[in-house]
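**Q** Here it is: the structure, laid out below.
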Amino acid sequence: MYDQHGDTPLLQVDDLVVEYPGRRRGTPFKAVDHVSFHIGRGQTLGLVGESGSGKSTIARAIQGLVPATSGSINVNGIPITTERLADRRSLAKVVQTVFQDPYGSLNPVKSVGSIIEEGLLVQQGTLSAAARTELVGDELDRVGLPRTAASKRPGELSGGQRQRVAIARAVITRPALVICDEAVSAMDLSVQAQVLNLLADLQHDLGVSYLFITHDLAVVRHITTQVAVLEHGRIVDLLDGDTHQEQWDPYTKKLFDAVPIPDPDIQLAKRATYAKSQSSTPPLTAS
Ligand SMILES: Nc1ncnc2c1ncn2[C@@H]1O[C@H](COP(=O)(O)OP(=O)(O)O)[C@@H](O)[C@H]1O
Ligand SMILES: [Mg+2]
């Protein structure tokens, strides 16, 4: 149902408010506070803010995983609903997410091939096993991994390779929008640059749009000039290619000067990635 095309932006978020219930019947906590933005087809919007500013909550609302308290989210002009599973399945064809920590999002006991295939099974259950294997191989190619990676487990890969697997799984069904939620934040700078280049190539080849979420303003500026800056659930600055640094909101300046901002979740993920990298040497080439 989210497949229709038209003149409307791919993603339109209007005056979105998301509240979480307060503890012990206290007042609700407003994690997202009257936020509006849109993303056109094949475009990228960066969403930047400190840890706790509401970035992931916006991502969850776009996927229909948390309800909007007020305001609206439209994908292809169709409102997002949290209610019906069938609608969420239909939304998954259009919106996919790549998370910060592939350890958390890739099942460690499954092979890379079956992980990438997951999206296909839900949506194209009629494909033969051979056809699925072929498609998975094509996606591995596309993200710069050898086809032989299909038989590996996530634990046999490096952090960068695992994120390539997560990206392959996200794009195999050609979603119109991919949400990258801190997708490169736990990586070393050189690996980060390679994955950012891969995302740019995919956008060029597939016309995919990105909502690129990060706490690191320097990273987002590598991938787009369109940036929304979030502070305590509010957009305090909207940058585009013409915005000069002198015009930045003081909070944006603070974010930029403070890079890298310590984020406890990201530090934990980095430590986990490091620990794993000490215990196994990835045999594949791409990082
Ligand atoms: N399920 C939840 N229940 C209550 N509060 C939450 C929940 N998830 C997030 N929050 C709070 O909402 C705020 C925004 O969280 P989040 O969207 O995860 O921020 P970010 O992704 O920018 O770090 C934080 O203060 C966080 O503690
Ligand atoms: Mg987050």
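FYI, it's all coordinate maths here, none of it is from the lab. Only a predicted model underlies this, so the values are computations on that prediction, with no experimental measurement involved. Every residue, glycine among them, receives a Cβ derived from its backbone with ideal geometry; neighbour counts consider all protein chains shown.
**Q** Separation between the TYR20 and ARG89 pseudo-spin-labels, each 7 Å from Cα along Cα→Cβ, expressed in nm?
**A** About 3.0 nm separates the two model spin labels.
**Q** If we count every other residue with Cβ under 12 angstrom of SER70's Cβ, Lys/Arg +1 and Asp/Glu -1, where does the sum land?
**A** It works out to a net charge of -3.
**Q** Follow-up. For region 24-41 and region 175-202, what is the separation of their C-alpha centers, rounded to whole Å?
**A** Measuring centre to centre over Cα atoms gives 25 Å.
**Q** With the Cα gyration tensor of region 135-196 giving a ≥ b ≥ c as the square roots of its eigenvalues, does the rule (a/c under 1.5 for rounded; else a/b larger than b/c for prolate; else oblate) give rounded, prolate or oblate?
**A** Oblate is the answer for region 135-196, as a/c is 1.5 or above yet b/c matches or exceeds a/b.
**Q** A further question follows. Within the set LYS55/LYS93; LYS55/LYS152; LYS55/LYS254, which residue pairs have Cα atoms separated by over 26 Å?
**A** Beyond 26 Å: LYS55/LYS152.
**Q** Taking a ≥ b ≥ c as the square roots of the eigenvalues of the Cα gyration tensor of region 45-117, is the shape rounded (a/c under 1.5), prolate (a/b larger than b/c) or oblate? Intermediate results must be reported in sequence, preceding the final value.
**A** Values: a/c = 2.29, a/b = 1.31, b/c = 1.75.
Because a/c hits 1.5 or more and a/b fails to exceed b/c, region 45-117 counts as oblate.
**Q** Report the local net charge at TRP248: Lys and Arg +1, Asp and Glu -1, summed over other residues whose C-beta lies under 14 Å from its C-beta.
**A** Value of the local net charge: -4.
**Q** Using θ = phi - 60° and the Karplus relation 6.51 cos²θ - 1.76 cosθ + 1.60, list the HN-Hα couplings for region 197-214 in order, rounded to whole Hz, with x at every Gly or Pro.
**A** 5, 4, 4, 5, 4, 4, 5, 4, 7, 10, x, 6, 9, 10, 9, 9, 9, 7
**Q** Another one. Within a 10 angstrom radius of the beta carbon, how do SER151, SER128, SER209 rank from fewest other beta carbons to most?
**A** With the sparsest Cβ surroundings first, the list reads SER128, SER151, SER209.
**Q** Name the residues whose placed amide hydrogens come within less than 5 Å of the amide hydrogen of VAL98, ignoring near sequence neighbours (fewer than 5 apart) on the same chain.
**A** Excluding prolines and chain starts, which carry no amide H, the hits are ILE179, CYS180, ASP181.
**Q** Using the number of other C-beta atoms within 10 angstrom as an exposure proxy, rank PHE256, PHE37, PHE99 with the fewest first.
**A** PHE256, PHE37, PHE99
**Q** A further question on this structure: If you plug each phi of region 22-28 into the Karplus form 6.51 cos²θ - 1.76 cosθ + 1.60 with θ = phi - 60°, what whole-Hz ³J(HN,Hα) values come out, in order, with x for Gly and Pro?
**A** Taking θ as phi minus 60°, the curve returns x, 6, 6, 6, x, 5, x Hz for region 22-28.
**Q** Using Cβ counts within 10 Å as a stand-in for footprinting exposure, how do HIS204, HIS38 rank, fewest first?
**A** Exposure proxy ranking, most exposed first: HIS204, HIS38.
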